[in-house]
Amino acid sequence: MLTCWSRYARNLRSLLDQRIFSKIMNLSAAQSFRNNELSPRDLVSNLQSLFNSREPDVLSFISEPNRFERLQKDAEELIEKFPDVKNRPLLFGMTLGVKDIFHVDGFTTQAGSKLPPEELQGNEAASVTKLKNAGALILGKTVTTEFAYFTPGPTRNPHNPNHTPGGSSSGSAAAVGAGICDIALGTQTIGSVIRPAAFCGVVGFKPTYERISRAGVIPLSPTFDHVGAFASDVETVGRVASVLLENWRIGELGVGDWRLGTRDSKPVLGIPEGKYLENMSKEGLEHFQKMCKLLSANYELRYVHVMDDFDEIKSRHDAIMSCDAAQVHKNWFGKHESLYSQKFADLIRRGHKVSSLQSLISARDSFRASITQTMNDNQIDIWICPPAIGPAPKGLDSTGDPMMCLPWTQIGFPAINIPTTKNDESLPMGLQLVGKWNSDEALLAWAEEIEKVVRKI
């Protein structure tokens with residue numbers, strides 16, 4: 001039985017973009033379920049309708065024969081576990097997409113690869129267990145590029161199916177962007193949360209390195225891998241972060257609040273001038289400059305020249321990542337070399353040639369210290385920068401250039417993408433915010449305020 005609000009939304013369907021309608025209905029269903037206004041059966045009926053209307057266009061989920069029978073059982077068990085409406089956990093009834101490099105009890109992990117599935121199974125990811133305990137309902141596994149590297153799966157951009165959704169967390173970003181699920185898990189080793197979030201018009205959050213456990217996640221590069229999350233807005237991704245992050249600092253409003261007194265303060269915003277921004281496309285740079293001008297009316301902006309050695313930063317990242325990947329895949333590659341894509345096989349072979357890993361790690365540490373010092377010297381609280389070199393490129397053979405994310409991932413600083421406007425081809429554009437090491441709570445609080453300035457609904 002639909003709520004009155006839902007019936008009203010249904011009557012307006014012809015006036016709404018299908019993607020926006022999907023988001024509204026999905027969130028409405030979760031809230032109605034939480035308040036006992038929607039039964040498990042009716043919740044799943046609504047979710048199935050949304051899924052069937054949008055999923056064929058974006059191909060964001062791994063096929064699952066009995067998805068909605070399983071989901072109804074999960075919803076019924078959730079009601080039984082938390083019968084008291086007032087005491088239901090933070091994410092109760094919210095639907096979750098899980099990138100298919102996370103192990104999930106009852107699901108097969110394939111990691112976007114052709115390897116025999118029995119080679120890849122493991123214990124459920126700690127992050128998945130935490131979200132389930134917080135009341136999230138797993139809608140399914142989402143498509144990933146092969147082993148979270150560059151070889152794409154079938155997923156399409158929810159705003160224009162002729163364009164990439166980005167990667168490697170392709171399915172997770174596209175599923176949230178299409179309004180199919182409320183939240184999703186992804187990972188970032190170069191730009192695999194922030195970039196697809198920007199391409200798909202959603203909020204993507206990558207925490208400080210290791211503040212979300214990577215246990216139960218098939219690694220690409222343990223030195224750089226981060227677990228991240230997607231949602232339609234900063235407030236929702238903040239709720240997810242409060243569940244997932246280790247040593248979460250509780251704010252004045254209690255559990256789940258991340259604001260910590262920052263809401264009434266304004267951060268100083270740094271703009272990283274130099275070789276870093278030279279990677280931008282003309283359209284991407286013009287959009288970024290427009291966002292800077294918009295923010296300058298409300299925030300102090302400081303332009304700082306950094307990363308003159310950007311080419312060295314890129315080379316170092318590839319060397320460390322390839323060395324890590326070669327080690328992670330040593331046994332699998334030895335047995336199943338022919339089942340790997342050429343791109344991933346080349347990555348492994350480059351890793352075999354790396355002989356100075358410790359010196360590369362030391363250089364990374366120096367880079368982190370240098371950026372930290374620059375922020376302190378210039379009293380910068382947050383870097384603002386592009387999440388990608390431009391909007392999602394046309395075609396599905398590539399996931400786009402991750403260079404605007406690479407340095408921040410390398411040093412492990414927390415980052416978030418905020419959707420802003422769309423270009424003339426209806427492709428989303430975004431703005432990346434990067435905070436100091438271990439300043440995740442402050443970054444999320446400030447991002448919620450900046451979102452109000454830059455986001456155009």
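Of all DSSP beta bridges located in the chain, what percent are antiparallel, nearest 5? Working shown, then result.
Details: 27 of 42 bridges.
Percent antiparallel among DSSP bridges in the chain is about 65.
Approximating the spin labels as points 7 Å out from Cα along Cα→Cβ, the Lys293-to-Ser426 distance works out to 2.7 nm. The shape of the stretch 4-244 can be summarised by an equivalent ellipsoid whose semi-axes, obtained from the alpha carbon gyration tensor, come to 26, 20, 16 Å from longest to shortest.
Taking 56 Å as R0, compute the FRET efficiency from the Cβ-Cβ separation of Ser338 and Ser370 and round it to 0.05.
Working: r = 43 Å, r/R0 = 0.77.
The pair Ser338/Ser370 has a calculated efficiency of 0.85.
Each distinct pair of alpha carbons in the chain adds a 1/r term; the inverse of their mean, the Kirkwood radius, is 22.1 Å.
Once both labels are positioned 7 Å from their Cα atoms along Cα-to-Cβ, the gap between Val304 and Lys330 label points is 3.9 nm. Estimated from helices alone, the mean residue ellipticity of the chain at 222 nm is -12500 deg cm²/dmol (sum of -39500 (n - 2.57) over DSSP H runs with n ≥ 4, per residue).
Working from label points 7 Å from Cα in the Cα-to-Cβ sense, the Phe82 to His352 distance is 5.0 nm. Measuring between their Cα centroids, the stretch 61-76 and the stretch 300-378 lie 39 Å from each other.
Go through 68-79, 238-249 and give me the packing order, highest mean Cβ count within 10 Å leading. Don't jump to the answer; show the numbers that get you there.
On the way: 68-79: 16.9, 238-249: 19.9.
Descending mean neighbour count gives 238-249, 68-79.
Here the relative contact order of the chain, from alpha carbon pairs under 8 Å that lie six or more residues apart, stands at 17 percent. Taking the number of Cβ atoms within 10 Å of each Cβ as an exposure proxy, the fewest-first ranking of Met404, Met291 is Met291, Met404. Considering only the Cα atoms of the stretch 288-415, their convex hull presents on average a projected area of 10.1 nm². The packing ranking, built from the mean of other Cβ atoms within 10 Å per residue, places the peptides 83-96, 429-442, 347-360 in the order 429-442, 83-96, 347-360, highest first.
For the stretch 381-400 and the stretch 141-173, write down the distance between their C-alpha centroids in whole Å. Rounded to whole Å, the Cα centres lie 13 Å apart.
The order of the peptides 221-230, 34-43 by mean Cβ neighbours within 10 Å, most packed first, is 221-230, 34-43.
Where a number appears in this text, it was derived from the coordinates with a stated rule and is not lab data. These numbers come from a predicted model, not from an experiment. Here the Cβ is made from the backbone with ideal geometry for all residues, glycine too, and neighbour counts use every protein chain on show.
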